[in-house]
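Values in this text are rule-based calculations from the coordinates and carry no lab data. No experiment lies behind these values; they were computed from the predicted model shown. Virtual Cβ from ideal backbone geometry, glycine too; neighbours counted across all protein chains shown.
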Amino acid sequence: MDGVLHQVFSGIASGGIYASIALALVMIFTATHHVNFAQGEMAMFSTYIALTLIEAGVPYWGAFAITIVFAMVVGTIVQKILMEPLMNAPVLASVGVFIGLLFIFNSVAGWIFTYTLKPFPTPFGEGGPLLGGFFSRHELGSTAITVVVLFSVWAFFRFTSLGLAMRAAAFNPVSSRLVGVPVATMLALGWGLASGIGAIAGMMVAPIVFLDPNMMGGVLLYAFAGALLGGITNPLGAVLGGFLVGIIENLGGAYIVGTELKLSLALIIIVAVLTLKPAGLFGKVLASRV
Amino acid sequence: MSRTGIIIACILMAAVPYFFASGYQLFQLTLVVTYAVAILGLNLVTGYNGQVSLGHGAFYAVGAYTTAILMDKFDVPYWATLPISAAVCAGFGFLIGLPALRLGGLYLALTTFALAVAVPQLLKYRLFEDYTGGVQGIVILKPDPPFGLPMTGDQWVFLFTLLVGIVCFVLSANLVKGRIGRAMMAIRDQPLAAEAMGIDIAMLKTRTFAVSALMTGIAGSLGAIAVQFVAPDAFGVPLSLTFFVGFVVGGGASIVGPIFGAIFVEFIPNIADEISKAAPGAVYGVLLIALMFLAPGGCASLVRKAAPYMPWNRKTG
């Protein structure tokens, strides 16, 4: 029983990371109807920036803050320079650009920081496990950070006028423009925000999986599965889905399929959701007007 | 281009390498044809039918493994593995498409992406190890030219691949020109109107997916014969992304597009490698993005724009 509980708790910890990436994906998807395949690589690159800063002597939380700002600036620039000119181009052209970005970030990271695995420090200390031995300090800390981030994003969209403007720009660009919302700026901000969230997720996952240029591959897939399980139209659902996938992944990996087929679990989850409940657990069933 | 033009082009494609290309160049050209067929399969489902697939590497893998297992364990001659591999891949594609195709394009993209991630793991899985050879993969023998033809094995493999490739391209061109092709495009552009006109959308989408998987599976078989080796890690996400890049570069809903796409994905990485040994991926990415800006519709759209100025289309007099 203790073993099961342990798996559940570490599932919650990794689920939080999937939830963050899932949230970043869903944000960009609702705003632009694009799935950013480079999301994971951008997060990985930001994590390297954090490591470089820490190694240069910047205190952890200072590096943490600088990295988030850096990631948001990069996200905004990418949207402004690469995505905006392609707004009226075929969707496939923007997918091509996403894949190009994926190659660039991956390759540049390997070039500058080499492909060797690097340990990444955790800010929560190395001390013994907490809560009756079920949670490591880092797992507890990163889950707390994730929850704080997810809650602030929710509050930002729910209670600030900027958040409202961003939702409006995503929901109905034409009407928003008519009432004076600068839609292009809102999209760029959305990209910045998503990129910042990705960076936090990267910094939280790196102490667990070690840092290397291909760190985010599996994470991105679980995030996809989480977003789908929770409902890709619903940010809160995507978050819950991320946590659920984390738990399923850990339990399944430990007791059902073994670690070598862990990634295939994501495929099973995705196919099961699509077959049984296509809108996801918390998603809206979309009806289109004929 | 007229039909005679196409036939002359095919003969030239077959003859030029025979006389001029060295062994390694011939191998690269064989891979170009193989990739072109794989990308053609992707183009049928994504370009003509509007269903984004990010996991066609999985069907390529199934095709390659079917051929390798049949040749290695059951002593089936290489040419006889192609129809079997086509049937297996079509069935596999139909099954994968069944749950996903009833839904929007993004869901299919996610499902196929997950498939691309899962395939190397499944191929390594120990229950199938007796057949798949596990991590080591399977080594197969290079086919000899038949009837004592005076050519090397490489030359024969190239000609064989080219022949199968031409058949695939002709069949696809006919498919998209006919009634079914128009129905495929109608579903892509106006699903509601298509359904109102009596097209069974889910069925046609699933069937298109099966045909697409079949083409890509055949390409996988050809690839396995050319490379003479299959191993799980060659069929991961990068391969699926390669096909997708080739598709986007070539341009959607085009029969000639996949040829340009295949040339791009086969040769540009080498060029990128020569430009920068340190970060070839970055150069590749920049070239890809640059191409997307110059020709958002892919190379096929450039060809379409240039066509009226070509000598064979110019009005005389």
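Charge dipole (Cα centre; +1 on Lys/Arg Cβ, -1 on Asp/Glu Cβ; no other charges) of the stretch B:3-243 amounts to roughly 600 debye.
Rounded if a/c is under 1.5, else prolate if a/b is larger than b/c, else oblate: which is chain B, with a ≥ b ≥ c the root eigenvalues of its Cα gyration tensor? Rounded.
Per residue of peptide A:82-95, the mean number of Cβ atoms on other chains within 10 Å of the residue Cβ is 5.
Put in line by how crowded their Cβ is, counting other Cβ atoms within 10 Å and starting with the fewest, B:187, A:112, B:69 read A:112, B:69, B:187.
Exposure here means at most 15 other Cβ atoms within 10 Å; with trypsin sites (Lys or Arg not before Pro) in a DSSP loop as sites, the longest stretch of chain A lacking them is A:1-283.
Close amide H contacts of residue A:211 (hydrogens built in the peptide plane, cut-off under 5 Å, sequence separation of 5 or more or a different chain): A:118, A:120.
Here the Gaussian network model covers chain B, with springs between Cα atoms less than 10 Å apart; of B:271, B:96, B:84, B:271 fluctuates the most.
Per residue, chain B reaches -24000 deg cm²/dmol at 222 nm when only DSSP H runs of four or more residues are counted, each adding -39500 (n - 2.57). Could you tell me which of rounded, prolate or oblate describes the stretch B:65-214, using a ≥ b ≥ c as the square roots of the eigenvalues of the alpha-carbon gyration tensor, with rounded for a/c under 1.5 and, failing that, prolate when a/b is larger than b/c and oblate otherwise? It comes out oblate by the Cα gyration axes. Exactly which chymotrypsin sites (Phe, Trp or Tyr not before Pro) in the stretch B:57-92 are in a DSSP loop and have at most 15 other Cβ atoms within 10 Å? Hits after loop and neighbour filter: B:74. The chymotrypsin sites (Phe, Trp or Tyr not before Pro) of the stretch A:178-239 that meet both conditions, a loop assignment by DSSP and at most 14 other Cβ atoms within 10 Å of the site Cβ, are A:210. Legend: ranking of residues B:305, B:205 from fewest to most surrounding C-beta atoms inside 10 Å; resulting order B:305, B:205.
Taking a ≥ b ≥ c as the square roots of the eigenvalues of the Cα gyration tensor, the stretch B:3-100 is classed as oblate, since a/c reaches at least 1.5 and a/b does not exceed b/c.
Cβ crowding within 10 Å ranks B:152, B:132, B:208, A:122 as B:152, A:122, B:132, B:208, fewest other Cβ atoms first. For the stretch A:30-97, the list of chymotrypsin sites (Phe, Trp or Tyr not before Pro) that fall in a loop by DSSP and count at most 15 other C-beta atoms within 10 angstrom is empty. Largest GNM mean-square fluctuation across B:209, B:244, B:160, computed for chain B with C-alpha springs under 10 Å, falls on B:160. Of the candidates B:151, B:203, B:185, which one comes out as most mobile in a Gaussian network treatment of chain B with C-alpha springs shorter than 10 Å? Sorting by GNM fluctuation, first place goes to B:151.
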